[in-house]
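Read the structure below first, then the notes.
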Amino acid sequence: MSERFIYFDHAATTPVRPEVLEAMLPYFDKKYGNASSIYSIARESRAAVDEAREMVANAIGAKSDEIYFTSGGTEADNWAIKGIARGSADKGKHIITTSIEHHAVLHTCQYLEKEGFDVTYLPVDEKGLISPAQVEEAIREDTILISVMFANNEIGTIQPIEEIGEIAKRHGIVFHTDAVQAVGNIHIDVKKLGVDLLSMSAHKFYGPKGVGALYIRKGTKLASYIHGGAQERGKRASTENVPGIVGMGRAIEIATQNMDSYNKKLLELREMTIDKVLATIPYTRLNGDRDKRLPGNVNFSFEFIEGESLLLLLDMAGIGASSGSACTSGSLDPSHVLLAIGLPHGIAHGSLRLTFGKDNTREDVEYLLEVLPGIVERLRRMSPLYERVKNREE
Ligand code: PLP
C-alpha cells in the first residue's frame with residue numbers, strides 16, 4: 001500500500017475549500033435562523049441566501065431572480081424536464097435529448113416515456129459530439145423540450161450549446177442544458193448561450209454536496225416539482241439549506257475568480273498525460289474529442305484489461321481515479337457513454353477516467369505516468385488474448 005494519496009476524480013466530486021467551509025460554519029449554529037422568519041437571525045439567513053443567489057447569478061450572466069436553489073444537480077435536471085413535460089403536455093409530448101446524458105436526465109426521460117411522452121435520444125459521433133443539424137432535424141410539431149448536456153461527465157466532451165440555443169429559439173422550443181460539469185469550471189454566459197434552463201451543482205466546484213441550482217430564464221413557464229411552503233418565490237418548497245447555499249455562493253465566486261489560471265494548469269496536466277500515455281502504452285485510445293473537452297478530463301481505454309482491476313491497483317499505488325464502466329452504477333454493464341461513442345464492450349470495460357483539480361501538481365501526474373504503464377502491463381499479462389496478440393507480433 002502506498003503512503004501517498006493523489007486524487008484524480010474531481011468530476012465525481014471536489015473537496016470543500018477552506019474559505020467555503022469557513023463561510024458556511026456560522027450558519028449551522030450561531031446564525032441558524034429560518035430564512036423565512038422575521039427576527040434578526042432569520043433576517044441574517046435571508047440576507048446570506050440573497051447574497052449567494054447574486055453570486056451564482058453573476059457567475060453565469062443571469063439575474064438573481066432567475067436562480068432557484070435545489071438539493072443538487074439531479075433535482076435541477078428532474079425539475080427542468082418534468083416541469084416542462086407537465087406544464088406543456090397540451091402543446092405536445094416530444095422531447096429531444098442525447099444518448100450520452102447523465103442518468104439524472106436519461107432516467108428522467110425514460111420515466112416520462114412510461115407516462116406517454118416520446119423521447120428522441122440523439123446518437124453522438126465517435127468523439128461524443130452531436131451536431132446542431134441533428135437537433136434541428138429531430139424537431140417535430142409536438143416537440144416541447146430540447147435537453148443537451150453542456151459537458152460530459154465521463155469523456156469531458158463539450159457540446160455546441162450556443163448553436164443549439166439558436167435553433168431552439170428559432171423554433172420556439174424550451175432549451176435545457178445540464179451544465180453540472182461545466183459551471184464553476186469553464187466560463188458560461190446564459191445570455192450568449194440562449195438556454196432557458198440550466199442545471200448546476202456546488203460539489204463540482206469545491207462547494208458542499210447536496211446543494212445546486214436551476215437557472216430559469218425569466219418568462220419560461222415551469223411547473224413546480226417540489227410542493228409545500230412558499231420558499232424560492234413559491235416555486236421550490238422546503239426550508240432553505242442556508243449553510244449549503246452560502247457555501248455554493250462563495251465557492252462559485254472563488255471558482256470564477258481563479259478559472260483562467262486553474263484552467264491553464266489543468267490543460268497542461270491534461271495534455272502531458274494524453275501525450276505520454278498514448279506514446280508509452282500500446283493498444284490505448286483516448287475517448288472523447290481532443291480539443292472540445294473539459295480542461296481537467298482525460299479518458300482512456302486500454303485493450304485487454306478490466307477497468308475495475310486497474311482502479312484497484314491504482315488505489316494500492318495511492319491514486320484515486322474512476323473507470324468508465326460498472327462500479328458507479330453497481331452493474332456489470334459498461335458505461336452507456338462509451339458504448340454510444342462506438343466502443344465494443346470489451347474495450348469499454350478497460351477504461352480509465354482521470355479528472356484533475358486545482359491542487360494537483362506536475363509531480364502528481366509524473367508519479368501517475370511512472371506507475372501506470374507497469375500496472376497496465378501487469379494486468380495485460382493475465383490476459384490470454386493479449387499473450388496471443390503479442391506472440392503474433394514477435
Ligand atoms: N449531471 C451531471 C453531468 C453530473 O456529472 C452529475 C453528477 O455527477 C449530476 C448531473 C448530478 O448532480 P448531483 O450529484 O448534484 O445530484
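Bear in mind that the values in this text are calculations on the coordinates, not laboratory data. Since we're looking at a predicted model, the values are computed, not measured. Counting neighbours? That spans all protein chains shown, and the Cβs are built from the backbone with ideal geometry, glycine included.
Say we look at segment 103-128 and pick out the residues that are in a loop (DSSP other than H, G, I, E, B) and away from the ligand (no atom under 16 Å from the Cβ); which of these is surrounded by the most Cβ atoms within 10 Å (Cβ to Cβ)? Don't jump to the end; show me each part of the working.
Step one: list which residues in segment 103-128 are in a loop (DSSP other than H, G, I, E, B), which gives 115-117, 123-128.
Checking the rest, the ones that are also away from the ligand (no atom under 16 Å from the Cβ) come to 115-117, 123, 125-127.
Details: E115: 11, G116: 9, F117: 21, P123: 13, D125: 14, E126: 12, K127: 17.
By that ranking, first place goes to F117.
Given the structure, is G72 on the phi > 0 side of the Ramachandran plot, within 14 Å of the ligand (Cβ to nearest atom) and not basic (K, R)?
Numbers: on the phi > 0 side of the Ramachandran plot: yes; within 14 Å of the ligand (Cβ to nearest atom): yes; not basic (K, R): yes.
Yes: the conditions hold for G72.
Among the residues of segment 264-290, how many are farther than 26 Å from D125 by Cα and out of contact with any helix residue (DSSP H, G or I) (no Cβ under 8 Å at 6 or more places or on another chain)?
Counting residues in segment 264-290 that are farther than 26 Å from D125 by Cα and out of contact with any helix residue (DSSP H, G or I) (no Cβ under 8 Å at 6 or more places or on another chain) gives 2.
Table: residues versus (1) among the basic types (K, R); (2) within 14 Å of the ligand (Cβ to nearest atom).
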site: A52; (1), (2): no, no
site: I60; (1), (2): no, no
site: S64; (1), (2): no, no
site: W79; (1), (2): no, yes
site: K82; (1), (2): yes, no
site: G87; (1), (2): no, no
site: I95; (1), (2): no, no
